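Contents: one structure, followed by commentary.
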Amino acid sequence: MTMAKFSRARLGRLREVLSWHVEHGGVPGLVALVARHDEAHVEVLGVKEVGVASPMRRDTLFRISSMTKPITAVAALILIEECKLRLDDPIDRWLPELSGRRVLRRLDGELDDTVPAKRPISVRDLLTFRMGFGQLMARPDAYPILKAAIERRIGMGPPEPSAMPATDEWLRRLAELPLMWQPGERWAYNTASDVLGVLISRVSGKPLPAFLAERIFQPLGMKDTAFSVPERSLDRLATAYGTNFQTGSSGTIDPAVDGQWSRPPAFASGAAGLVSTVGDFFSFAQMLLHEGRFGGERLLSRPSVELMTTDQLTPAQKAAGGLLPGDFEANGWGLGVAVVTRREEVAGAIGSYGWDGGLGTTWTNDPKEHMITLLFTQRAWASPTRPPVARDFATSAYQAIDD
């Protein structure tokens, strides 16, 4: 038995389960971490690139996509604690492009069939994903608003750093469109984190990459986390695989060399733009599990972490649904993280929190068990539902608890 109260035999079972997924083609490779009381157990399996002698490494770089969102939320909370932002302040002062919003009468309506917004978008709306605009799980032509948003390339699908316009132009294009719902009315995915990233930049007077590096990455020693990979480190970036939903074919969706993350993007996406390693993200997860402190450094106060990891959604907002129907039956949403509100699995006690990256990564903090789980793969998910490898990893991590 380890000091962290894991069964050595059951940790072996975790490795067997993950190995099966690699050997049977579920994922080309992975890096998995399970930690309790800061004692980490790491598994490294498979390859970074199919058909090449490129063993996965503990310091392999992955596109963490939507696991960027919690980091952006922490950056905003830093500014809130400094009183440079307030949760219920309108964002109009810093983002005048989004003042005077119009709102669709109905989601399937024409873009000019609108009513005035009942109130401005607030900082809280961005952190809780209730700004009134977001991604929709529907055909690209299902709604006029979705078709128009896709045409403007403002991030209505999987991350595409090379396709996004520069920050001010991105905001201008978003501002051309009405909101889908009234501010504060319901949860809508993704766009709010991108707007939050722009807000952080304007309030701090620094580009988002610089602010994150100075206030989060450097204090936590996250030396490999950034919006692009320098040439000297491209050999550590895993090739990304998945399904091309336009053609239906499976294969490479982003190479390491000359890929979309091989150069700095014009738009640093606070929703899905970062690359990182398991080791780097472990430091971020530890900071939150330690209620804002990492080593001798305090990034956030305990009350801010408690607010961030408390469900903010009303029953009516949960009933309106998430990305898919039923998303909020056992979960809620805090500030940039999902929060477990009802235990339905072996994994994840009530109060556990975290988020996933659709390009193949997942993270959970469990304060009750003082436990962190991280699984980084390079195969994109085919739907918002966690794939078998992620579900089996979570079960295997929790079955290894031995106290």
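Every number here is computed from the coordinates shown, using simple stated rules; none is lab data. This is a predicted model, so every value here is computed, not measured. All Cβ positions, glycine included, derive from the backbone under ideal geometry; neighbour counts span all protein chains shown.
Numbers below:
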| item | result |
| --- | --- |
| Antiparallel DSSP beta bridges within the chain, percent to nearest 5 | 95 percent |
| Residue-by-residue Karplus 3J(HN,Hα) for the stretch 219-227, coefficients 6.51, -1.76, 1.60, Hz, glycine and proline x | x, 8, x, 8, 6, 9, 8, 6, 8 |
| Inter-probe distance in nm under a simple model that places probes 7 Å from Cα toward Cβ, at Ser301 and Val42 | 3.5 nm |
| Charge-dipole axis of the stretch 73-204 as Lys and Arg at +1 and Asp and Glu at -1 on Cβ define it, positive-most pick from Ala117, Leu127, Gly100 | Ala117 |
| Charge dipole (debye, nearest 20) of the stretch 73-204; +1 at Cβ of Lys and Arg, -1 at Cβ of Asp and Glu | 240 debye |
| Point-charge dipole on Cβ atoms (K/R +1, D/E -1) for the stretch 170-286, about Cα centre, debye to 20 | 300 debye |
| Length released on extending from Ser249 to Glu16, taking residue separation times 0.36 nm less the Cα-Cα span | 80.9 nm |
| Pair Thr385, Leu111: separation of 7 Å Cα→Cβ label points (nm) | 3.5 nm |
| Dipole axis of the stretch 73-204 (+1 Lys, Arg; -1 Asp, Glu on Cβ), positive-most option in Trp187, Leu79, Leu177 | Trp187 |
| FRET efficiency, 1/(1 + (r/R0)^6) with R0 51 Å, evaluated for Lys84 and Arg342 via beta carbons | 0.90 |
| HN-Hα J in Hz across the stretch 28-38 - Karplus 6.51, -1.76, 1.60, θ = phi - 60°, x for Gly and Pro | x, x, 6, 10, 10, 9, 10, 9, 10, 6, 6 |
| Global form of the stretch 344-403, assessed from the alpha-carbon gyration tensor, a/c cut-off 1.5 | prolate |
| Sequence ranges 295-308, 200-213, ranked by mean other-Cβ count within 10 angstrom, highest first | 200-213, 295-308 |
| Cα-centre dipole for the chain with unit charges at Cβ (Lys and Arg positive, Asp and Glu negative), debye to 20 | 300 debye |
| Inverse mean reciprocal Cα-Cα distance (Kirkwood Rh) of the chain, Å | 21.4 Å |
| Given charges at Cβ of Lys, Arg, Asp, Glu: the stretch 222-276 dipole, positive-most of Ser250, Ala271, Ala238 | Ala271 |
